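J.: What follows is a structure written as structure tokens; I'll ask about it next.
Throughout, read-outs are computed from the coordinates displayed, never taken from laboratory work. Model, not experiment: these values are computed from the prediction. Positions of Cβ are backbone-derived with ideal geometry, glycine not excepted, and every protein chain shown enters the neighbour counts.
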Amino acid sequence: MNNLSVDHLTGIKDLSKEDIDLIFKTADSFKEVINRPIKKVPSLRDITIANIFFENSTRTKLSFELAEKRLSADILNFSASGSSVKKGETLIDTVNNILSMKVDMVIMRHPNPGAALFLSQKVNAKIINAGDGTHEHPTQALLDAYSIREKLGVVQGKKVVIVGDILHSRVALSNIYCLQKLGAEVMVCGPTTLIPKDMHLLNVKISHNLREALEWCDVANMLRIQSERQEISYFPSLREYSMQFGLNKEILNSLSKEIVVMHPGPINRGVEITSDVADSKQSIILNQVENGVAIRMAVIYLLAAKIDR
């Protein structure tokens, strides 16, 4: 298969295993490109991409921008904080105004779940979801699974635990979908208050004991506490959370096997993970960042192939 089965990337849920394999295969060749002295290919010289971020983002936005530049696309950056959205303009009007400048693809982050899907049904451009509320963050899940494959050879049959604020995390949901499609076993671990009530419906294991979860897994993906999404307090204090669910070197060294440690960033050092773990040889956090550019190049390239030029 040389073509994606979807016209937009609004969520992992819509992708087949073949789609994911194709994205990984394409990312392999782009990874070779970004490690060359000249890190650019002229693949998308005739494509214009708009990055529309209605929520603050540093890493994801930079990663997408770099991926677009590596593919030689023209780029339009739009930040909602200084825009007409603040004056009451609707999402559709905002995007249609941007599209009238002959934009072919939109990368969008939005605080409302389903915003990317809604947009994909209303406008004539390819849409990539860069995070919609607490719903999905598909390219993060793809780069996480790609990083596991790179480190361990395969994803199938591996045991992955996602630790932390599962309730408010779009990364967790996309990761669960992606890892399961690739044949991995998934567990979530965190305080009862931070695990959604219907989590068991997603066919994942649930644990409230960090050590038990770490002894079970091959890979631990440590999520940060999303304080900006929490209107109430879900646990007594960050210090108490850290004592129960924070990963430190002492715990890591005491496990019966060596596990791989991941983090989607940004890291709250000393809360969900200590510096000596984040910077240890078991951590693949910086590999995830590098792989993020290759994965996003692959997704953009494959969707651009579906644009009528």
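J.: In the stretch 268-298, which residues are assigned to a loop (DSSP other than H, G, I, E, B) and closer than 18 Å to Val171 by Cβ?
T.: Residues satisfying the conditions are Asn268, Val271, Glu272, Ile284.
J.: Looking only at residues that are among the hydrophobic types (A, V, I, L, M, F, W, C) and either surrounded by fewer than 21 Cβ atoms within 10 Å (Cβ to Cβ) or in contact with an Asp or Glu (Cβ under 6 Å, 6 or more places away or on another chain) (or both) in the stretch 183-194, which one is nearest to Val160 (Cα to Cα)?
T.: Checked the stretch 183-194; the qualifying residue nearest to Val160 (Cα to Cα) is Met187.
J.: Check off (1) touching a His at 6+ places or on another chain (Cβ under 6 Å); (2) surrounded by 24 or more Cβ atoms within 10 Å (Cβ to Cβ) for Ala298 and give me the number that stays unchecked.
T.: That leaves (1) as the condition not met.
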